[in-house]
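Everything on this sheet refers to the single structure shown next.
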Amino acid sequence: MQAIVIATIGSPSIHVLLESITQYARELPVYVSANSLELWGEVRKRLGNNRVIFRPNTATNFGDAYNAIVSYAFNTGHYDSLIIANDDVVLAPDTIEKMQADYKYVGREFKVGFLGARSDYVLPAQNIRVAEEDDVFSALKWESELHIKMTDVIAPIFAAISKEAWETAQFPSTNWYSDNIICHDLGKAGYFHFVSRGYVHHAGSQTVGTDFAKCHEEPREWIKTNRPDMYEAIYGITNPS
């Protein structure tokens, strides 16, 4: 994982993310896609000119925003892999170390799609609030947090992906369910997804908001039209003809 890629529309939480990157991931270049030159100035001031690559963000949804900046990073930076980061997460001191080790470990045996961090506000498979069956709470965490596990879908709030996997599948043009669709497509292509031991705090829903019913409905027509194969899995009913 050789770079961190962030797309943002200016959530105040990005400043906390940038400070955690400054403290805990000093060696990694950072690609930032933003819709504000003022924010670009703040990013440059915090991380330094030589470390940050800035691109304007003109997208109207998560999928398009990240497709643009991740593709740019892979095409210009010649990285084998990188980390996609939401603008409202915060690294822990050992996040990068654990994720790098976990990515290398699972890559020995599997074609890795996404390797996603654990968090406190995320899908159940990655959520530290959700205990595994017969889990034990020890040393202030669940013992399951000490292990890597396989899962069908990763929420890429902070997730590693290889260039090879990225060239196989990218995000749809949606906010919600972009992760379900890309993970499905990668799975069909023979890739496997994993939950890392690495952790990030996630403020959660700082960009799309907390009207979850609205978030659920917004991509319905796009999915019905462009990905009818995923419509029933997401909305629970057969796609009308």
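The values are calculated or read from the model by the stated rules, or taken from the named source; none is laboratory data. Everything quoted here is computed from the prediction, not taken from an experiment. For neighbour counting, all protein chains shown are included, and Cβ atoms are generated from backbone atoms with ideal geometry for every residue, glycine included. Side chains included, ligands, DNA and RNA excluded: accessible areas come from the protein's heavy atoms. Shrake-Rupley method; radii C 1.70, N 1.55, O 1.52, S 1.80 Å.
Probing with 1.4 Å while keeping every protein chain in the model, the per residue accessible area of region 127-241 equals 53 Å². With one equal scatterer per alpha carbon and no solvent term, the Debye-computed log10 I(q)/I(0) for region 3-57 at 0.19, 0.21 1/Å reads -0.55, -0.68. With contributions of -39500 (n - 2.57) from each DSSP H run of at least four residues, the per-residue ellipticity at 222 nm computed over the chain stands at -11000 deg cm²/dmol. Between the C-alpha center of region 48-97 and that of region 211-241 there is a gap of 27 Å.
Extension gain, residue 141 to residue 97: 0.36 nm times the residue separation minus the Cα-Cα distance gives 14.0 nm. Here region 98-241 was treated as a single set of alpha-carbon atoms; its pair distances binned every 10 Å from 0 give 11, 37, 35, 16, 2, 0 percent. Once the chain from residue 75 to residue 237 is taken as fully extended at 0.36 nm per residue, the excess over their C-alpha distance is 54.4 nm.
Applying both filters, DSSP loop and at most 13 other Cβ atoms within 10 Å, to the trypsin sites (Lys or Arg not before Pro) of region 104-187 gives 108, 129. Taking amide hydrogens as placed 1.01 Å from N in the peptide plane, the amide H of residue 151 sits under 5 Å from those of 193, 194, 195, each at least 5 positions away in sequence or on another chain. Cross-link partners of residue 149 among lysines, defined as those whose alpha carbon lies under 21 angstrom from its own and excluding same-chain residues fewer than eight positions apart: 98, 104, 111, 141, 188. Across 91, 123, the residue with the most accessible area heads the list, and the full order at a 1.4 Å probe is 123, 91. Rounded to the nearest 20 debye, the dipole size of region 9-56 about its Cα centre is 120 debye, using +1 on the Cβ of Lys and Arg and -1 on the Cβ of Asp and Glu.
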